[in-house]
Each structure stands twice: as C-alpha cells, then as structure tokens.
Ligand code: PAF
C-alpha cells in the first residue's frame, strides 16, 4: 500500500501514524519527479518520521490553452523515485476524488497574486491555494516542503497559512540546478535541443546580476534593464516578465535592500520557463 488514492484511506493511515507520535511531512507535487522534488523528499525525511508525497496534476491551476492535458504523467516512475528518496506513501487522488461533482469552494489570496506569474496566469494561484489547502486538510502534516523555484508560490502559500491560521510549518527548499545552471523543472522536457541551450540565458543573467549586486550595484532598475538586455541577445527567448522585488512581500523595490528576489519568466517556443534568485543585501 505505497500508493493511496482515496482521501478516506490516507486519513486512516495518517491517524495511525500520529497515534504513534510520528511527525508527518508533506511534499506536494504534480509528479514527473526530478532531482528538485527528490531533494524536498529527502529533507522532509530528515525532519519528519513519515513522509507523504502527493502526485496530482491539479486542473484548477491551469489556464485555458495551458499544458494541463500534455503535462507528463508517469506514476510508476514517480512512485519508485519517491520511495528511493525516502517517501513512506504516495497520495495520488483522481480529479473526481479532489473535485467531486458539485464541488464549489475556492481559496484565494489577493494582491500578491496580481503580479509576476499571477499577472500572466490569471487564476493560477487560486487553483494552487485551493489544492494546497485541501492537501493540508487531508494530510494534516506538521511540515510541508516547497521548492524555491516557484518563489511566488512559496510567498502565497505562506500568506494563506498565516491568514487562515493553519497549524503547520512551510519549509522552502533551494532551487536545484543542472551542472550548466538551468533550474530543474518538469517542463524542461518540452524543450528541444536548441531551446534547452537558449534557456541557459536565464540562470546566466541571474548569476551575472548577483555579481553586479555583490560588486555594489543597488539600483533595481539597472539590474532589471541589464537582465532584459541580456535575455534579448538570445533570439529564441520571449520575455514574459523580469522583476526585482522584495523577497518577503513581492513589492517592487528600486533601491535594493533587505532580501531581494529577482524573478524571471521567459518563453522558448511554446514552453514558459521561470527562474529566480534571492539575494541578501548586507
Ligand atoms: O508546485 C507544484 O508542483 C504545484 O503548484 C503544487 C504545489 C503541487 C500544487 O498543485
């Protein structure tokens, strides 16, 4: 019973584990696991006694014309990988199990969802907060683990947890990159060789702007302009957004101070890649 599909069943399993005093870690995913997800699972296993990995391609967070249908689904492969990284259980509900007929409740966080990915993917974060809230209610974990690659998602989920008095800890984990710098993403599989090579411009721009900040640059607009110009040297890249914001509340900042988030979304062919870097200004 490594893969569980029913809410009722997973509740029974978790209740038993909790009765034995075990701490529960949850790693929510949409599957097609890569090393980034596995790093979350390993961390969850280090910090908890029982680790649940959810694998659910959540329809409510995809907009019209997005890749819901084509999103890669490989449960058997995911289960093996999750197990090898230390997961105790994979929760793989059907869409009908999560959104049964007559389903009519959504969780929405405002303002911080109007910008960055929220601006280019209207309704996306409403789907994310809804499904994550449901997963938290189903599993009731002590801790939940999210990749920092989706930096805005982490900020939005933390806000939801604070605002709705949810009793768990959100643990953001560092971006995992390939050796050449590209951030791992299940969507990287959509890229052809040329696009994959072109995609390197994202991490290169981020690392260069980090260097500029380390060398004393404090003008957010200059950093933004530098990144835009740098990305535009790559003919296959079509910029969706480049933003320099406060890492905690996503407010625009011109004079860099505190903890800064530089976030990018760029399209290569039909594939939209995101990447970011958090930089502490000393
Ligand atoms: O980051 C993801 O893969 C998804 O947005 C999440 C958190 C699993 C919700 O569907």
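Throughout, read-outs are computed from the coordinates displayed, never taken from laboratory work. The model shown is predicted, which means the values in this text are computed figures rather than measured ones. Every residue, glycine as well, gets a Cβ built from its backbone with ideal geometry; the counts of neighbours run over all protein chains shown.
Let's see how each residue does on (1) within 13 Å of the ligand (Cβ to nearest atom); (2) more than 15 Å from residue 138 (Cβ to Cβ):
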residue: 23; (1), (2): no, yes
residue: 58; (1), (2): yes, no
residue: 71; (1), (2): yes, yes
residue: 76; (1), (2): no, yes
residue: 88; (1), (2): no, yes
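For region 59-97, the set of residues classified as outside any helix (DSSP H, G or I), more than 19 Å from residue 267 (Cα to Cα) and touching a strand residue (DSSP E or B) at 6+ places or on another chain (Cβ under 9 Å) consists of 73, 86, 87, 88, 89, 90, 91, 92, 93, listed by residue number. Scanning region 189-203 for residues that are surrounded by 17 or more Cβ atoms within 10 Å (Cβ to Cβ) and part of a helix (DSSP H, G or I) gives 190, 195, 196, 198, 201, 202, 203. The residues listed here are 97, 108; of these, the one that is touching a helix residue (DSSP H, G or I) at 6+ places or on another chain (Cβ under 9 Å) and free of Cβ contacts under 8 Å to residues at least 24 places away in the same chain is 108.
Mind listing whichever residues of region 25-46 are away from the ligand (no atom under 14 Å from the Cβ) and in contact with a strand residue (DSSP E or B) (Cβ under 6 Å, 6 or more places away or on another chain)? Passing the criteria: 25, 43, 45. Within region 19-62, the residues that satisfy the criterion of being under 13 Å from residue 131 (Cα atoms), buried (at least 23 other Cβ atoms within 10 Å of the Cβ) and without any contact (Cβ under 8 Å) to a residue 60 or more places away in the chain are 29, 55.
When each of 219, 225, 240 is tested for being more than 22 Å from the chain's Cα centre (by Cα) and in contact (Cβ under 8 Å) with a residue 12 or more places away in the chain, the lone residue that passes is 219.
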